[in-house]
Amino acid sequence: MFVKDSKLEICNINSLENNKRLSTQELLQLIYQKIDEGYTQFKINACGQHNIGGPLWVKNKEAKLKFIVNNPGQRVGSMGMKGTSIIVEGSAPADVGWLNAGAEIIVKGDGGDTTGHCAASGKIFIGGRVGTRSGSLMKHDPKFDAPQLWVLKNTGSFSFEFMGGGIAVICGLDCENMDSVLGHRCCVGMVGGTIYVRGNISDISESCLIEDLNEYDISFLNNGIKEFLDKINKPEEYKKLSLWNEWKKIVAKPYSSSKKSDRISLKDFREKMWVQGGIFGDFYQDDLKVEEFITKGDKRLRIPYWNNNKLSAPCEFGCPIGIPTQKRINLIKQGKIKEAVDLIFDYSPFPASVCGEVCPQLCMDNCSRCFVDEHIKISDLAMMSRDVKFDKFKTDKKEKIAIVGSGVAGLSCAWILKQKGFNVEVFEEDTKIGGKLTQVIPNDRLTRQSLNADLNRIKNSGIKFNLNKKIKQNDFQELEKTFDAIVIAVGAHTPFVIPFEGHQRLIKGLDFLKTINRGEKFELGKKVVIIGAGNAAMDVIIGAYQMGACEVTAIDIQKPMAFEKEINHAQSLGAKILWPCYTDKITKEGVWLKDGTLIEADNVIISIGDRPNFDFIDRSYLNECNMIKINEFQQCENNNKVFAIGDSVKQGLFTNAIADGRKCAFNIINMFENLPLNKYEKRTKVSKEDIKPEYYATYSPLKVQNLPGYEEDKRCLSCATCRDCEFCLNACPTGAIEKFKNEKGETIYTSNIERCIGCGVCAGVCPCGIWTLQPNSLNFV
Amino acid sequence: MATINEISKDDLNWQIQYDSSKCTLCGRCVAACSFNAIKVDVEKRRKVVSIGDVPTPKVTTTTIPVIKQITRNALNCVGCGVCSRVCPNGAIKAVHEDESRFNIKYKCEHGDSIKRGGRSNLNTEGRTLDKIKIGRISQMTDPSLDAQRHTFDVLAPFGRIIPPQELPFEVSSDGDLKISKSMPPVNWIYPIIIGDMSIGALSTRMWEALAIATAYLNEVCGLKVRMCTGEGGIPTRLLKSRYLKYMILQIASGHFGWNRIINTMPEMTEDPGGILIKIGQGAKPGDGGLLMAKKVARHIQEIRGVPKADLLSPPNHQGLYSIEESVQKMFLSLNSAFKFRVPVAIKVAASVTSVSVYNNLLRDPYNIVGGFFLDGIQGGTGAAYEISLNHTGHPIVSRLRDCYLAAVHQGKQGQIPLWAGGGLGMRGALAADAFKMMCLGANGIFAGRLWLQAAGCLGNDSGKCNACNTGNCPAGITTQNPLLVARLDVDKVAENVVNYFLATHLELKKLMAPIGNSSLPIGRSDALVSVDKNIAERLGIQHVC
């Protein structure tokens, strides 16, 4: 099987003799045995046996092992160790130098696939080409020399995958026509090492960089190529391979740059490569600035506004005249008692009689103080103005106004016009001024003291009164000629009567009340029934008891329209109020209802409303219902200088009549001054939830009762009117709120847009509902 | 003051929990709340105490400013959590009331149904895809791959695929093989499409960020990702740009914006990446598009050509009464719109009838059906009636599988590419969902809401926020209010989307490698297993335990 060459001490092994082939295991075990016997040099005529050449060593560490091999199988030199050298005379199949740990392996022909795979040290010289995945996973342990793989020609595809270290040299000899001497998809996953290449490279992994050679590279290659060519016996190729400008060097990207990619940033991409100005830029403006959640200035979601005196307090809103009680009380708080007491006369000449006594005081229905204890004592407040006297108003305007009727509407209109300096002349059919206030309201409900105080103030104002003067058609035509404006304020003095069977027995409520108020006696029986249960009917009930009735019943077909206060007053006298009751007929027994019930009555009074009488004006003023035709400014449609107000237009409360008179007066002035007429609509009411009763202490009923009117500023919630408490100033988290006095000396609060974040703390803490928060987005969307 | 029928905090889905002892009244929560759901108010605190050895009453009353929830039901807290994000002291948060009466209260109050955005919030537990694992791992018997370092072919067809035996090859006189007839266009694209979300539904910044991310993924990262435009008009500048090739134009029943697309054709330098005809959507099948007036800002009015109003697209394309007509009118017309150069696909809501529809389309003799998009019940939407969101629709997994097997049965799998969507990625792992859907037969998948979540959407699938319809999106994603849009960082959103795609790309490869596929595993149901026997049986995959 083997022949000892005593002279050279070479162990010659022929693995195939007499058609008998040594298996890989037999061959390798023979080699182990011969090494143990002291052989270090082998010449092996192989027959495809695997793994020839490693890992092998001799005990004497200085000694070298040398193998000259023919026709090896796979993995020649695999796991070869330092001190081992292997020369393959021809080509070798796959895995030459796999896991090479230090051997020198020379293959004079081609290497197979995965040549040098995982080589970690030693040198591999291939005198031809190598197959696919060659050089993959080569690595360099710094305690050993770096592995080297030299290839004269080219590699197959996927070469140097996952290479981690070492040096490979691919000389590309006779490969000039190839598109890549490293095959396709080379160097995937390469993280280290150096590959020197001569020839074309394409389809290389993005994990690598291709660089030019430096001096060190050239010197390394210059020496190495000479050695390599000597080993493979082709020194003549040196000239061809030493043109250094034909060489490139492949290295892995350094860790730092491969980890954090060198991709262009998105911002740079947008600014430099994306559609200039953005794809929406031609129809939607956006600076692309990024805002935080908390913003200032015009980027706020909501903006606070200081709406002092811009909204209506519930009292002002509830009052048909719109008397700003909150303003009155605010003047008291400021110590301006006279201004407070006088303020009402800008609105009404009847502070005592109407506001103080007969008015149902709608203003107090929604008084915010009700959420603390009881509403503001409006009567007390009004009575503070009872004894106010004025000097006669001066007349400095040339226009003359005639007012037909001296009821509450007419006098209110006259009062305002007189205050403004006009010539005002009132025509009254009765002997006294005051209309129904004087004629029909029972003393029970209206003291003569209040009535006279208010009427005397009006009488002394400079208005010219013509009493006992009934205006007839020709009189009215005369007024139309001689006055610049005429106000029809004749009220409604013709009672409605329904023609029930026996209607002749009915007493008209209005006549009844007028009689009593003249101080005359009206004979009534014990039992009285009143048809109707409105406010006037309640007055009739009071009158009936005054005239000696013992059992008074008011009936209505619907829920009584009278105010609760009036109903309570009537019921406290003993009256019964029944509904729904449908009258069938009136007999001497009393009132028969349609269901056959009899309500016994000695007298039956009807009080279901009154109509105006327009027999003094031309039919052209009237509509098909015989009511006067006016527009929303109280102006007659067929004659611009004639106005109509009060019950003559629509039956209502005294306050409605006062409101009409006031609105009419201002529109007459507007007309004189050629200004557009005005509906004088109410201001928006402040929202209930913006008023904060939580701030106020609840007073006991006794404490409320004992508090005089001029101290109601202690209780008033000052709705929609700044009480200057500075709560906003103190609560604002960004110090945005500033307070100053304007040129009129009024206190003003503002919110500085540079500081305000639109949180609404100001609005949230404001006791009076002055600060309101509005969405800013309304400006955009 | 309060009466039983007033809406109170107790009735609401989301209730503000507030601790006034921690609050400094800095105002940040109220300033930042885009829903106007909280306000500053004052509270009275009255204490009666006895001080001394015998009963000695002393009353102290203080009034303190506090933060309060607004209970008017038009101004509801949706639980977006912005208040707690901005509160420096942790004094405020929104807490979900699971037993809320709001659904009843709202209907009683308004005689109207609740509308919202988001996804179906019912039955989010136990997703089918989460019960499927990739159970076939290549070891020894076949080569597995290195996910990070190997090269993979991650591309899916958008367009009609002609099977080899039908390719119109002929040998020309010079002996070369030549194609003798025009072939239907096919674009090989990334298998994950940015799903159709319209301008209007999304803010300008959000939509543009998606478009930028798409362009970036193509031009910088080399991923051929396509974005479907949704149907809300398309900016002319984009139509004229070279980036149009990355866009799949959508046409739905409203046909919004198509006049501008048509009028811009002479100035286009690129063909669009495809056209998607939307017939239905998974989130509200059988119902049409809905854009609430609050979001129809001036620029939306312009680009859509409509006045400010609630924009309701009809549930059906007006004038389509049969599948034959759909193919003829919609497919033919839209194929011809770009001279048969651009593939045209169709999107329908998953339904028990999906297989029949797909079978019909598979017969397409004109080669003009370029894709079949199936959208499942877990799909998101910008606005829908909650009743539709919660109670209509069909899960996507089995229906996709059925369609694929129907094609296999005819030997026509892959000819009309199947794309599936609807809640894919809702657990954050889009790659896993996509991979499983592909193993079950999808050529690719589409996802929409996921990108909004990548952008910073504060919502979740348990009812949090879901207020895309209100125009008050606190993240600036689904609003047209410039004050809120300003919260969104275009570059950061684009970067997040790009990064999510890159991560997903890596993850897809991490799943392809173990089963040894270097190309997409379409139909490789052998790779899937399920521990749920019903799911395994229904889908025809291995049941394992």
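The values are calculated or read from the model by the stated rules, or taken from the named source; none is laboratory data. All of these numbers come straight from a predicted model, not from anything done at the bench. Cβ coordinates were reconstructed from backbone atoms using ideal geometry, including for glycine residues, and neighbour counts include every protein chain displayed.
Tally time: how many residues in the stretch A:53-97 are assigned to a loop (DSSP other than H, G, I, E, B) and surrounded by 23 or more Cβ atoms within 10 Å (Cβ to Cβ)? Spell out how you get there, then give the answer.
So in the stretch A:53-97, the residues assigned to a loop (DSSP other than H, G, I, E, B) come out as A:53-64, A:71-83, A:89-97.
So of that shortlist, the ones also surrounded by 23 or more Cβ atoms within 10 Å (Cβ to Cβ) come out as A:53-54, A:72, A:75-78, A:80, A:92, A:95-97.
Residues flagged as assigned to a loop (DSSP other than H, G, I, E, B) and surrounded by 23 or more Cβ atoms within 10 Å (Cβ to Cβ) within the stretch A:53-97 amount to 12.
For (1) buried (at least 20 other Cβ atoms within 10 Å of the Cβ); (2) within 23 Å of A:Ala402 (Cα to Cα), each residue gets a yes or a no:
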position	(1), (2)
A:Gln558	no, no
A:Glu600	no, no
A:Ser607	yes, no
A:Arg611	no, yes
A:Met627	no, yes
A:Ile630	yes, yes
A:Asn639	no, yes
A:Asp647	yes, yes
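Please enumerate the residues belonging to the stretch A:225-254 that are of a type in the set (A, V, I, L, M) and not in a helix (DSSP H, G or I).
Narrowing the stretch A:225-254 to residues of a type in the set (A, V, I, L, M): A:225, A:229, A:232, A:241, A:243, A:250-252.
Residues satisfying the conditions are A:Ile232, A:Leu243, A:Ile250, A:Val251, A:Ala252.
Taking the stretch A:595-702 as the region of interest, the strands (runs of 3 or more DSSP E) fully inside it that hold 1 or more residues being touching a helix residue (DSSP H, G or I) at 6+ places or on another chain (Cβ under 8 Å) and within 28 Å of A:Ala382 (Cβ to Cβ) are A:642-644. Could you look through the stretch B:48-66, keep only residues that are within 54 Å of the chain's Cα centre (by Cα) and more than 8 Å from every other protein chain (Cβ to nearest Cβ), and pick out the one that is farthest from A:Ala763 (Cα to Cα)? Only one residue fits best here, namely B:Thr62.
For the stretch B:438-446, state whether one or more residues are over 17 Å from B:Pro395 (Cβ atoms), among the polar types (S, T, N, Q) and at pLDDT 95 or above. Yes.
A quick yes/no check of all residues on (1) under 19 Å from A:Asp203 (Cα atoms); (2) at pLDDT below 95; (3) of a type in the set (Ser, Thr, Tyr); (4) not in a strand (DSSP E or B):
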position: A:Gly111; (1), (2), (3), (4): no, no, no, yes
position: A:Ile124; (1), (2), (3), (4): no, no, no, no
position: A:Val130; (1), (2), (3), (4): yes, no, no, yes
position: A:Ser136; (1), (2), (3), (4): yes, yes, yes, yes
position: A:Pro142; (1), (2), (3), (4): no, yes, no, yes
position: A:Asp145; (1), (2), (3), (4): no, yes, no, yes
position: A:Glu161; (1), (2), (3), (4): yes, yes, no, yes
position: A:Gly164; (1), (2), (3), (4): no, yes, no, yes
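With respect to the conditions (1) more than 21 Å from B:Leu458 (Cβ to Cβ); (2) surrounded by fewer than 24 Cβ atoms within 10 Å (Cβ to Cβ); (3) touching a Phe, Trp or Tyr at 6+ places or on another chain (Cβ under 9 Å), B:Tyr500 lacks only one, and its number is (1).
Name the residues in the stretch B:384-428 that are part of a loop (DSSP other than H, G, I, E, B), more than 15 Å from the chain's Cα centre (by Cα) and hydrophobic (A, V, I, L, M, F, W, C), would you? Listed by number, the list holds a single entry, B:Ile416.
Modelled with pLDDT of 90 or more and more than 20 Å from B:Ile92 (Cβ to Cβ): which single residue out of B:Val66, B:Val40, B:Val48 fits that description? Even if it seems obvious, please write down each step before you answer.
Working: B:Val66 fails: more than 20 Å from B:Ile92 (Cβ to Cβ); B:Val40 fails: more than 20 Å from B:Ile92 (Cβ to Cβ).
So the residue among B:Val66, B:Val40, B:Val48 that is modelled with pLDDT of 90 or more and more than 20 Å from B:Ile92 (Cβ to Cβ) is B:Val48.
Contact map, the stretch B:521-537: first residue on the phi < 0 side of the Ramachandran plot, second residue among the charged types (D, E, K, R) and not in a loop (DSSP other than H, G, I, E, B), Cβ cut-off under 7 Å, separation 6 or more or different chains; pairs are B:Leu528/B:Lys436; B:Val529/B:Lys133; B:Ser530/B:Lys131; B:Val531/B:Lys131; B:Asp532/B:Lys131; B:Ile535/B:Lys131.
Would you mind listing the strands (runs of 3 or more DSSP E) fully within the stretch B:159-242 where at least 1 residues are aromatic (Phe, Trp, Tyr) and away from chain A (no Cβ under 14 Å)? Working first, answer last.
Numbers: elements: B:169-171, B:177-179, B:186-189, B:192-194.
Because the criterion is at least 1 residues that are aromatic (Phe, Trp, Tyr) and away from chain A (no Cβ under 14 Å), the strands (runs of 3 or more DSSP E) in the stretch B:159-242 that meet it are B:169-171, B:186-189.
Pairs linking a residue in the stretch B:364-378 that is free of Cβ contacts under 8 Å to residues at least 60 places away in the same chain to a residue that is of a type outside the set (Gly, Ala, Ser) and in a loop (DSSP other than H, G, I, E, B), with Cβ atoms under 8 Å and 6 or more positions apart or on different chains, are B:Phe372/B:Ile416; B:Phe372/B:Pro417. Within the set A:Asp287, A:Asp373, A:Asp391, A:Asp380, the sole residue that is assigned to a loop (DSSP other than H, G, I, E, B) and touching a Pro at 6+ places or on another chain (Cβ under 9 Å) turns out to be A:Asp373. Out of B:Gly117, B:Gly195, B:Gly126, B:Gly135, one residue alone is on the phi > 0 side of the Ramachandran plot and not aliphatic (A, V, I, L, M). It is B:Gly126.
Is it the case that the stretch B:490-509 has a residue that's more than 12 Å from chain A (Cβ to nearest Cβ), in a helix (DSSP H, G or I) and farther than 20 Å from B:Val225 by Cβ? I'd like the intermediate steps shown before the answer.
Initial filter on the stretch B:490-509 (more than 12 Å from chain A (Cβ to nearest Cβ)): B:500-501, B:503-509.
Now narrow it down to the ones that are in a helix (DSSP H, G or I): B:500-501, B:503-509.
Next, from what is left, pick out any that are farther than 20 Å from B:Val225 by Cβ: none.
The answer is no; no qualifying residue exists.
Scanning the stretch A:704-756 for residues that are within 14 Å of another protein chain (Cβ to nearest Cβ) and among the hydroxyl-bearing types (Ser, Thr, Tyr) yields a count of 2. Counting only residues that are within 9 Å of chain B (Cβ to nearest Cβ), closer than 30 Å to A:Ile770 by Cα and not hydrophobic (A, V, I, L, M, F, W, C), the stretch A:264-297 holds 3 of them.
Among the criteria (1) farther than 29 Å from A:Asn308 by Cβ; (2) modelled with pLDDT of 95 or more; (3) surrounded by fewer than 20 Cβ atoms within 10 Å (Cβ to Cβ); (4) under 46 Å from the mean Cα position of the chain (by Cα), the one A:Ala657 does not fulfil is (3). Looking at the structure I just gave you, is A:Ser257 more than 49 Å from the chain's Cα centre (by Cα), away from every other protein chain (no Cβ under 14 Å) and at pLDDT below 95? When the stated conditions are applied, A:Ser257 does not pass them. For the stretch B:144-154, the criterion of a residue being in contact with a Leu (Cβ under 6 Å, 6 or more places away or on another chain), modelled with pLDDT of 90 or more and not in a loop (DSSP other than H, G, I, E, B) is satisfied by no position.
Which residues, counting only those in the stretch A:757-773, are within 11 Å of another protein chain (Cβ to nearest Cβ) and either part of a loop (DSSP other than H, G, I, E, B) or not aliphatic (A, V, I, L, M) (or both)? Lay out the reasoning, then the answer.
Of the residues in the stretch A:757-773, the ones within 11 Å of another protein chain (Cβ to nearest Cβ) are A:757-767, A:771, A:773.
Hits for the stretch A:757-773 are A:Ile757, A:Gly758, A:Cys759, A:Gly760, A:Cys762, A:Gly764, A:Cys766, A:Pro767, A:Trp771.
State all residues of the stretch A:280-325 that are within 30 Å of A:Lys267 (Cα to Cα) and among the small types (Gly, Ala, Ser); if no residue qualifies, say none.
A:Gly281, A:Gly297, listed by residue number.
Among the conditions (1) modelled with pLDDT under 95; (2) under 26 Å from the mean Cα position of the chain (by Cα); (3) within 14 Å of another protein chain (Cβ to nearest Cβ), A:Lys310 misses just one, which is (3).
Within the stretch B:115-143, being of a type in the set (Val, Ile, Thr), over 20 Å from the mean Cα position of the chain (by Cα) and at pLDDT 90 or above holds for B:Ile132, B:Ile134. Within the stretch A:452-468, the set of residues being exposed (fewer than 15 other Cβ atoms within 10 Å of the Cβ) and part of a loop (DSSP other than H, G, I, E, B) comprises A:Asn460, A:Leu467, A:Asn468.
Residue-wise test of (1) surrounded by fewer than 20 Cβ atoms within 10 Å (Cβ to Cβ); (2) closer than 30 Å to A:Gly405 by Cα; (3) modelled with pLDDT of 95 or more.
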| residue | (1), (2), (3) |
| --- | --- |
| A:Asp484 | yes, yes, yes |
| A:Gly502 | yes, no, no |
| A:Asn517 | no, yes, no |
| A:Gly525 | yes, no, no |
| A:Gly534 | no, yes, no |
| A:Gly543 | no, yes, no |
| A:Ala549 | no, no, no |
